[in-house]
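Where a number appears in this text, it was derived from the coordinates with a stated rule and is not lab data. Owing to the predicted nature of the structure, the values given are computational and were not obtained by experimental measurement. Positions of Cβ are backbone-derived with ideal geometry, glycine not excepted, and every protein chain shown enters the neighbour counts.
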Amino acid sequence: MGAVGVASGTPLMVGSKLLQGWLAASGVPLSLIGLIPLAELPYTLKLFWAPLLDRWPIPWPDRRRGWILAMQLLLVGVIAAMALLQPGTDPASLTAIGVAALALAVCSATQDIVIDAYRTDLLPEAERGPGAAAATLGYRAAMLAVGAGGFLLAGRFGWPVAFLGSAGLVAAVIPFTLTAPKLRPVAHQVTNLKQAVLGPAREFLHRAGPGRSWQLLLLVLLYRWPDGLLSAMAIPFLKLRGFSEADIGIVQGGWAIAATMAGTVIGGILFARLGMNRSLWSFAVIGALGNLSYWSLARFGGGFAGLITAVSLENISGGMVGAVFVALLMSLCNPRFSATQYALLSGVYAMSRSLLSAPAGVLAERVGWPGFFLFTVAASLPAFLLLARLAPWGEAEARGAFDPDRDPT
């Protein structure tokens, strides 16, 4: 899980930070560099071709690793080919860069679909929290390796070497993909495209039941809503509080990533001991306390020490919440349709970070920073109400709606 996390994080950083750095160093106008994020649309639209991966699996090494292996080989080739680019302002070079960035994003998004499905199909309930933690650690490690190591290589040996080094990082994961555990055969495998497109929603509604399916989707939407609200306003708050760019960069850069990785490890360990239900409750409470630390910073100040404390609590709790949330999404998927169902559920979650978090700035302006951060804490209440019904604390595991083999009758 850690290795495929590396393979997932590397192309994302190559297509964003590393490519942007090379274009800026080559004198490409900012107006053109600003268009690069358009090439990342496949990460948002990936749910539309996820059914194809359920319908047409590559059988070797197994139905999920076949696609993972194919995408990793393509990613190695695409990233290595990007080292041959010669950024400039002429239409030919800009077209080549755009095509390469788009190809990179399509392959990377497709790999993400199948990695999520493989993790979901492979891990039993008790290992989902630690597995999610390992994947997140690998992902963050790749971000550090490319975001820091890539720029160091570029400064020392040139930008093509940085891209070749990133291609080598993905290539190093291929042996892990080949030797990873093999999935068990799936009963009633998807046999046609109509089944692959419509089957995931029908199966989820049948398994959860009409009265619980909408509650589960609401839980996915709202569980990390407090995190999305805080993330939208954290940097503006710190800047307006008078912290320098250097302080914000140091703390929100390396320190925050390290704190998130620590929280992810802690979350994975505790999940194995607590189980799904108690982890969902406990980590949500800890996440609310992390948000409350920003209220304390806004209300009482604390200088740089207060900044370190708030960012540490926010990211440690965020790592724990992220670990249990990935485990939650895995528990809601059926192995027959895990590629499509996981993509759909993650799309529902993405709405909380976009649509539901969009009014954060307006709210902060109207109620002030202390009031805003208290609202982010209060935003966890809907999730607790849903957990009381769907995942009671007194039960070791979530009720049957989380079980892919559940018969609602």
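Couple of notes before you dig in:
- Pair ILE269, ALA81: separation of 7 Å Cα→Cβ label points (nm): 4.5 nm
- Prolate/oblate/rounded call for region 94-250, Cα gyration tensor, a/c under 1.5 rounded: oblate
- Selected from PHE373, PHE157, PHE204 as most flexible by GNM, with the chain as the system and alpha-carbon contacts under 10 Å: PHE157
- Alpha carbon centroid spacing (whole Å) that separates region 252-325 from region 33-50: 29 Å
- Take 261-274, 327-340 and order them by the average number of nearby Cβ atoms within 10 Å per residue, most first; the result is 327-340, 261-274.
- Cα gyration tensor shape of the chain, rounded if a/c is under 1.5, else prolate or oblate by comparing a/b with b/c: oblate
- Computed over the chain, relative contact order equals 25 percent, with contacts defined as Cα pairs under 8 Å that lie 6+ residues apart.
- Cβ-placed point charges (K, R +1; D, E -1), dipole of the chain about Cα centre in debye, nearest 20: 400 debye
- Among the lysines of the chain, pairs that are 8 or more positions apart or on different chains and have alpha carbons within less than 26 Å of each other number 4.
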